[in-house]
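Worksheet: the structure to be examined is printed underneath.
The values are calculated or read from the model by the stated rules, or taken from the named source; none is laboratory data. Values in this document were obtained by computation on a predicted structure and should not be read as measured data. Heads up, the Cβs are rebuilt from the backbone with ideal geometry, glycines too, and the neighbour counts pull from every protein chain shown.
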Amino acid sequence: MKNVIYHFLSSYSKYVFDKYISIDKHIILHNSSYYDEGTIKDNIENKYKENNDNIIRYLYLGRLSKHKGIITLLEAFLKVRNDNVMLLIGGEGEQKTEVESYIKRDKRIRYLGFVSGKNKKDVLLKADVFILPSEWYEVSPLAIQEAYAFGLPVIASNIGSIPEHIIVNRTGWLFRKGDAEDLTEKIEYVSNNRDVLMDMSKACFNSALNSNTDKNIDTIIKYWKELLNSRRNPS
């Protein structure tokens, strides 16, 4: 199709489209966290103020569904050999009853129910690491960008566009999709090397500041202005 410009949210989504249609001109721009610069800077100032213990808090926020990998996460966490860790789970879904059965087996796991508003912000500020065990081909997961806006490194499955959003050993780690043992290894590595978390948290905040919602909007506006000008004044 002539004179069509495609806007993709990830290189992965472009890869999928490439299989079916011919793509000439395009722009790739990931989702932002939807937090502005001021909010992110407030998060930087308030991060870790309330945690005075040695517990590393891992956080999952999302639907309690098979395609989100919640059971893989729980199976992995049960195998973690460290008492100074905690898994916080927030969300609702068809696997809620199954999730609750896992919680009864391990006092380190806590279910928060559906989390939103100020409660969600408080949970994100108190957490140390975000876990995204998705088994679905995510296009441009907002959960990662939101985690970065609260200084949280991310442990995530290597599926879909997820690897595009994570700089391994800088803003997070990747594990094989659906592989509970590999995820256990990643959690244990972090739990035994907590000294890396502070520098990684700073890297996550920097990533969020560089792609906050205001900058994302500015980039889109700039791009479309250039596009309109090129249409009015073709070379």
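Taking the criterion of being surrounded by fewer than 16 Cβ atoms within 10 Å (Cβ to Cβ) and of a type in the set (A, V, I, L, M), the only residue of the range 108-138 that qualifies is Leu112. Is it the case that the range 151-169 has a residue that's assigned to a helix (DSSP H, G or I) and either free of Cβ contacts under 8 Å to residues at least 12 places away in the same chain or loosely packed, with under 14 Cβ neighbours inside 10 Å (or both)? Within the range 151-169 (the criterion being assigned to a helix (DSSP H, G or I) and either free of Cβ contacts under 8 Å to residues at least 12 places away in the same chain or loosely packed, with under 14 Cβ neighbours inside 10 Å (or both)), the answer is yes, since at least one residue qualifies.
Looking only at residues in the range 102-119 that are in a helix (DSSP H, G or I) and touching a helix residue (DSSP H, G or I) at 6+ places or on another chain (Cβ under 9 Å), the one that is nearest to Ile55 (Cα to Cα) is Ile103. Counting only residues that are hydroxyl-bearing (Ser, Thr, Tyr) and touching a residue at least 60 places away in the same chain (Cβ under 8 Å), the range 49-68 holds 2 of them. For the range 113-156, a residue qualifies if it is over 22 Å from Ile103 (Cα atoms) and among the polar types (S, T, N, Q), and the qualifying residues are Ser140, Gln145. Criterion applied to Leu197, Leu183, Leu125 was being assigned by TED's automatic domain parsing to the domain that holds Lys41 and either of a type in the set (D, E, K, R) or closer than 22 Å to Ile71 by Cα (or both), and the one residue passing it is Leu183. Against the test of being without any contact (Cβ under 8 Å) to a residue 24 or more places away in the chain and more than 18 Å from Asp128 (Cβ to Cβ), the options Ile71, Ile23 yield a single qualifying residue, Ile23.
Checked against the criterion of being under 12 Å from the mean Cα position of the chain (by Cα), at pLDDT 95 or above and in a loop (DSSP other than H, G, I, E, B), the candidates Ser134, Ser140 yield just one match: Ser134. When residues in the range 65-87 are screened for being buried (at least 22 other Cβ atoms within 10 Å of the Cβ) and part of a loop (DSSP other than H, G, I, E, B), 1 of them pass. Among residues that are touching a Leu at 6+ places or on another chain (Cβ under 7 Å), basic (Lys, Arg) and over 19 Å from Leu152 (Cα atoms), Lys66 is not included. The residue that is farthest from Leu142 (Cα to Cα), among those in the range 32-51 that are among the charged types (D, E, K, R) and in a helix (DSSP H, G or I), is Glu45.
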